[in-house]
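Following: one structure in structure tokens, then a few remarks.
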Amino acid sequence: MPILVMKFGGTSVADLTRIRAAAAKVRAEVARGHDVIVIVSAMAGRTNELVGWVNETSPMYDAREYDAVVSSGENVTAGLMALTLQEMDVPARSWQGWQVPIRTTSAHGAARIEGIDRAAIDAKFTEGFRVAVIAGFQGLSPEGRITTLGRGGSDTTAVAFAAAFEAIRCDIYTDVDGIYTTDPRISARARKLERISFEEMLELASLGAKVLQTRSVELAMRYKVRLRVLSSFEDTDETSGTLVCDEDEIMESKVVSGVAHSRDEAKLTLVTVEDRPGIAAAIFGPLAEAGVNVDMIVQNISEEAQGQDPREVTDMTFSCPTDQVARAQKALEAARDRGEIKYDKLEVDTEVSKVSVVGIGMRSHAGVAARMFAALAADGVNIKVIATSEIKISVLIDRKYMELAVQALHDAFDLDKAG
Ligand code: ASP
Ligand code: MG
């Protein structure tokens with residue numbers, strides 16, 4: 001029988017009533033002739049509570065025990081989901097990650113899935129079971145310990161199962177009814193997309209459209225798993241939600257598909273850095289080691305080269321999430337103390353946001369950047385840093401203009417109209 005993967009996020013299994021509603025959706029797919037693999041998250045709020053307990057017990061916790069505690073939320077929902085299905089006369093069995101097993105690396109708290117053993121689940125389907133319920137977010141390390149996959153990791157569990165079982169599709173049930181052209185809380189004109197390509201979704205996921213874990217989209221792209229994002233709170237059918245798929249399956253011909261934003265960014269500038277070969281490595285090496293996720297980078301002629309030969313100094317600007325600023329500052333000061341880099345001062349602006357336009361159409365259309373900058377200029381938004389990739393243009397701007405900029409760009413690229 002064709003296998004369908006259905007994943008239910010925390011709000012979709014928040015209580016027993018919600019679990020029953022989710023189970024009814026599973027039963028409907030079984031009735032349509034699918035064998036179903038259900039992946040469940042912990043009940044809404046449960047993982048945060050477990051993380052809190054760990055931190056309170058042991059601030060410098062042992063990551064193996066963190067995983068032992070934090071993975072438990074999913075175990076509860078997996079068992080409850082199997083019981084609920086059984087009560088509906090659907091033959092179902094649950095598995096925790098170690099029972100499958102889902103083999104992962106030993107990077108506790110951020111493990112990667114390396115393989116899924118199909119045998120036990122295949123055997124149950126052959127026996128006549130119609131649903132396998134899997135606790136998401138967890139696996140088994142080579143050392144035989146429980147691991148977790150990083151926050152939001154149940155999405156990745158779902159995609160990995162869809163790939164391993166060659167599922168016809170991986171349906172991600174959540175509290176929104178699809179992927180939008182921009183955040184509907186910012187623009188009332190945001191429009192739900194029928195389809196979006198893996199690549200665009202990857203940019204949007206990593207830019208802070210929090211619907212899917214970035215890693216799950218990477219995996220879906222690599223194994224060509226068709227993903228569908230849809231609401232567990234509504235009646236849904238084959239056409240509901242947004243399909244994340246290969247670009248060959250997409251008809252829309254818009255140059256830009258979406259406007260993303262990332263609110264809490266910081267801009268750091270090393271003023272009058274000694275300019276020499278290897279200086280970028282000397283700056284960004286220690287930042288990487290300190291776990292700072294540097295995003296945009298600009299090197300330019302120093303404005304403040306007073307008394308110094310402007311050919312020998314430069315300004316280096318980069319952005320990172322605001323909650324990593326302290327770590328970045330510490331790493332740079334340490335590098336300066338060790339004599340690895342020289343600079344006059346470090347300027348920090350924590351009041352910036354990043355706004356980006358994303359679209360595979362940019363590969364074949366010129367003028368997207370010009371249109372974007374003109375729209376921002378018309379609203380008086382000053383751009384501080386620009387970065388581009390093949391399918392994305394991002395700008396760093398003052399945070400107070402973020403919502404205005406998102407709306408202006410949504411309008412400038414006519415994203416409210418289907419194209
Ligand atoms: N329960 C985990 C979390 O809250 C995993 C997930 O829901 O995807 O991060
Ligand atoms: Mg999630």
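The values are calculated or read from the model by the stated rules, or taken from the named source; none is laboratory data. The structure presented is a predicted model; accordingly, all values stated were derived computationally and were not measured. Cβ: placed from backbone, ideal geometry, glycine included. Neighbour counts: every protein chain shown. We work out accessible area using only protein heavy atoms, side chains counted, and drop any ligands, DNA or RNA first. Shrake-Rupley method; radii C 1.70, N 1.55, O 1.52, S 1.80 Å.
For the stretch 273-323, filtering for residues that are among the charged types (D, E, K, R) and closer than 26 Å to Ile393 by Cα leaves 4. Any chance the stretch 377-388 includes a residue that's in contact with a His (Cβ under 9 Å, 6 or more places away or on another chain) and not charged (D, E, K, R)? Checked the stretch 377-388: no residue is in contact with a His (Cβ under 9 Å, 6 or more places away or on another chain) and not charged (D, E, K, R). Within the stretch 89-127, if we keep just the residues that are open to solvent by less than 40 Å² (accessible area, probe 1.4 Å) and part of a loop (DSSP other than H, G, I, E, B), the residue that is farthest from Lys7 (Cα to Cα) turns out to be Thr105.
Please find, within the stretch 1-28, the residue that is nearest to ligand 1 (Cβ to nearest atom) out of those that are buried (at least 18 other Cβ atoms within 10 Å of the Cβ) and under 20 Å from Val225 (Cα atoms). It comes out as Gly9.
The residue of the stretch 377-395 that is surrounded by the fewest Cβ atoms within 10 Å (Cβ to Cβ), among those that are over 19 Å from Leu207 (Cα atoms) and of a type in the set (A, V, I, L, M, F, W, C), is Ala378. For the stretch 232-250, a residue qualifies if it is polar (S, T, N, Q) and open to solvent by less than 50 Å² (accessible area, probe 1.4 Å), and the qualifying residues are Ser232, Thr236, Ser240, Thr242.
Cβ-Cβ distances below 9 Å connect the following pairs, each with a first residue in the stretch 1-16 that is closer than 16 Å to Thr77 by Cβ, a second residue that is among the acidic types (Asp, Glu) and near ligand 1 (Cβ under 10 Å from one of its atoms), and a separation of six or more residues or different chains: Lys7/Asp155; Gly9/Asp155.
If only residues of the stretch 142-162 that are within 15 Å of ligand 1 (Cβ to nearest atom) and in a loop (DSSP other than H, G, I, E, B) are counted, the one that is surrounded by the most Cβ atoms within 10 Å (Cβ to Cβ) is Leu149.
Within the stretch 163-179, the set of residues being among the β-branched types (Val, Ile, Thr), away from ligand 2 (no atom under 11 Å from the Cβ) and buried (at least 21 other Cβ atoms within 10 Å of the Cβ) comprises Ile179 only. Taking residues in the stretch 295-317 that are at negative phi, and partners anywhere that are exposed (fewer than 11 other Cβ atoms within 10 Å of the Cβ) and part of a strand (DSSP E or B), the pairs with Cβ atoms closer than 6 Å and at least 6 places apart or on different chains are Asp315/Asn300.
Only one entry in Asp183, Asp117 is closer than 26 Å to Ser231 by Cβ and among the acidic types (Asp, Glu), namely Asp183.
Taken over the stretch 191-231, the criterion of being open to solvent by less than 20 Å² (accessible area, probe 1.4 Å) and away from ligand 1 (no atom under 16 Å from the Cβ) is satisfied by Leu193, Ile196, Ser197, Phe198, Glu200, Met201, Leu204, Leu207, Val225, Arg228, Leu230, Ser231.
Out of the stretch 251-268, which residues are open to solvent by 10 Å² or more (accessible area, probe 1.4 Å) and of a type outside the set (D, E, K, R)?
Met251, Ser253, Val255, Ser257, His261, Ser262
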